[in-house]
Amino acid sequence: MIAVISDSHIPDRTDSIPEEFQLKMKDADKVVHCGDFESEKVYRRLSQNYGLIGVKGNCDYFDIESSQKFTWKQVDFGVYHGAGIHPRGHHPTLAKTARQLGVDVLLHGHTHQQEIAEHDGKILLNPGSCTGVGGGSSKTKDPSMMKIKVRDRKLEVEVVNKDRESGDIYTSSEKILNIDSISDKE
């Protein structure tokens with residue numbers, strides 16, 4: 001399972017990633033952070049604890065790659081924050097980035113809004129903010145992350161949230177995406 005988080009903004013906007021998300025990250029085979037750690041110390045700690053694949057966000061002022069690629073169970077993933085894309089989260093530009101990286105799936109952040117989308121034969125996944133902090137035009141929300149399972153070039157994507165008021169964990173979205181049928185649409 002791949003655990004995907006983004007836009008933690010620690011320590012400037014909040015103190016920590018919810019403990020429940022950290023437990024899910026410990027259970028993951030891979031952990032991805034789509035940028036805006038805000039602190040190199042947080043990046044290093046996550047890298048040390050989880051063998052992190054992470055990228056630079058617009059609030060990261062330390063040395064880190066702006067994009068990454070990896071293959072998991074015969075599916076090619078790209079990781080890119082999404083800063084500099086106007087309007088924020090613009091699907092055609094994100095799909096173009098996925099093509100430039102040569103990947104099936106682009107994991108991205110920046111908007112602080114969770115999303116499961118397909119565009120021009122590419123899958124675009126945004127886990128939202130793992131701490132629920134606002135950013136840009138996005139207001140404070142429930143913290144969220146994604147869990148992705150890959151089987152036979154099919155993605156099972158689950159968006160996991162923590163209710164800000166009650167502390168309850170809930171799933172807001174689940175979707176199964178077939179890589180081959182989506183990429184055939186190109």
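No value in this document is a laboratory result; all are computed from the given coordinates. This structure is a prediction, so every number in the text was calculated from the model and none was measured. Backbone-built Cβ (ideal geometry, glycine too); neighbour counts: all protein chains shown.
Mind checking the dipole of region 90-186: about its Cα centre, +1 per Lys or Arg Cβ, -1 per Asp or Glu Cβ, Debye to the nearest 20? Charge dipole, region 90-186, about its Cα centre: 220 debye, nearest 20.
Angle, helix 40-50 long axis vs. longest principal axis of the chain, Cα atoms, 0 to 90°, nearest 10? Roughly 60 degrees, rounded to the nearest 10. Charging the Cβ of each Asp and Glu at -1 and of each Lys and Arg at +1, and nothing else, the dipole of region 2-183 about its Cα centre rounds to 320 debye. From the Kirkwood radius over Cα pairs of region 62-131, Stokes-Einstein at 20 °C and 1.002 mPa s returns a whole-number translational diffusion coefficient of 177 µm²/s. Residue-normalised convex hull volume from the C-alpha trace of the chain: 102 Å³ per residue.
If you count, for each residue, the other Cβ atoms within 10 Å and average over each peptide, how do 83-91, 141-149 line up from highest to lowest?
Put in order of decreasing packing, that is 141-149, 83-91.
For residue 118, the residues whose amide H sits under 5 Å from its own are 124, ignoring neighbours fewer than 5 places away on the same chain, with H placed 1.01 Å from N.
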